[in-house]
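Okay, so here's the structure we're looking at.
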Amino acid sequence: MRTLEELIDESDPGMQRIQEWIAAATVHVEILPPSDQREQVLLDVQVTTRSTMGAIAYETGGIVVDDGWLRFLGSGHPSFTRTLPAWNQGRSHGFYLIADDAIGGFFSINGGKLGEDFGNVYYLAPDDLEWEPLEIGYTDLFHIAVTGGLSDFYRDLRWTSWQADARRLARDRCFFFYPFLWTAEGSIAKSTRNDVPASEAFDLKNDLFQQFSGD
């Protein structure tokens, strides 16, 4: 296990690149200040601050992208209490959760369970019960998100007032649709939309995923 001194990279800090990308962002991005748990968070995550994920874990309480639509986990904040390692505790088995969105979609790094592309990002969409390979890594996902590159990705999962609704949504909650979007009866246009804790939404989807996958 690497020490804090080994994990903090002052010669090539990833946060510098993150701030450059955010300065040129085409969507609204909010950097939450880091919590007093950040040292323990970095020790638990065991990635250096040279990496994008390590920098976000240590230097921020989380980063909120596109009017609150997408949330990258960090060291926690009063408005975004989930920390990167705590959110994974008891939930990640062969993958590592890194971010989620306002509609109950979850992003994870493949730790070997989801496919042969170890280290790449997968997405568990609100309208699907299978993890979808995105064929990119964490850094690419973050960079694409802040440059507005996910607009097409979400095109069929947004509604007219999505921006205003996402701004009002608490960052530890997500929208939940009924009938479920993964059923023939469910749709963004017709399903009832309420918000629930992100933990409830993920645990339900993960339980269903395991049932359907036979794991």
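The values are calculated or read from the model by the stated rules, or taken from the named source; none is laboratory data. Please read all numbers here as calculations on a predicted model, not as lab measurements. All Cβ positions, glycine included, derive from the backbone under ideal geometry; neighbour counts span all protein chains shown.
A few notes on this one:
- Considering residues of the range 154-174 that are of a type in the set (Lys, Arg) and modelled with pLDDT of 95 or more only, the residue surrounded by the most Cβ atoms within 10 Å (Cβ to Cβ): ARG171
- In the set (1) buried (at least 18 other Cβ atoms within 10 Å of the Cβ); (2) out of contact with any Gly (no Cβ under 8 Å at 6 or more places or on another chain); (3) at pLDDT below 95, LYS205 fails one condition alone, (2).
- Hey, ALA25 assigned to a loop (DSSP other than H, G, I, E, B), touching a helix residue (DSSP H, G or I) at 6+ places or on another chain (Cβ under 8 Å) and either among the charged types (D, E, K, R) or under 20 Å from LEU141 (Cβ atoms) (or both) or not: yes
- Condition check for PHE106: among the aromatic types (Phe, Trp, Tyr), within 15 Å of LEU204 (Cα to Cα) and within 11 Å of the chain's Cα centre (by Cα): yes
- Those residues of the range 35-65 which are in a loop (DSSP other than H, G, I, E, B) and buried (at least 24 other Cβ atoms within 10 Å of the Cβ), in sequence order: THR60, GLY61
- Just one of the listed residues (LEU97, LEU114, LEU73, LEU141) is part of a loop (DSSP other than H, G, I, E, B) and surrounded by 17 or more Cβ atoms within 10 Å (Cβ to Cβ), namely LEU114.
- Members of the range 76-94 found to be in a strand (DSSP E or B) and farther than 24 Å from TYR154 by Cα, listed by number: HIS77, THR83
- Selection within the range 14-24: residues that are of a type in the set (A, V, I, L, M, F, W, C) and under 17 Å from GLY74 (Cβ atoms). The member of this set that is surrounded by the most Cβ atoms within 10 Å (Cβ to Cβ) is ILE18.
- Screening SER79, SER35 for residues that are of a type in the set (Gly, Ala, Ser) and touching a helix residue (DSSP H, G or I) at 6+ places or on another chain (Cβ under 9 Å) leaves exactly one candidate, SER35.
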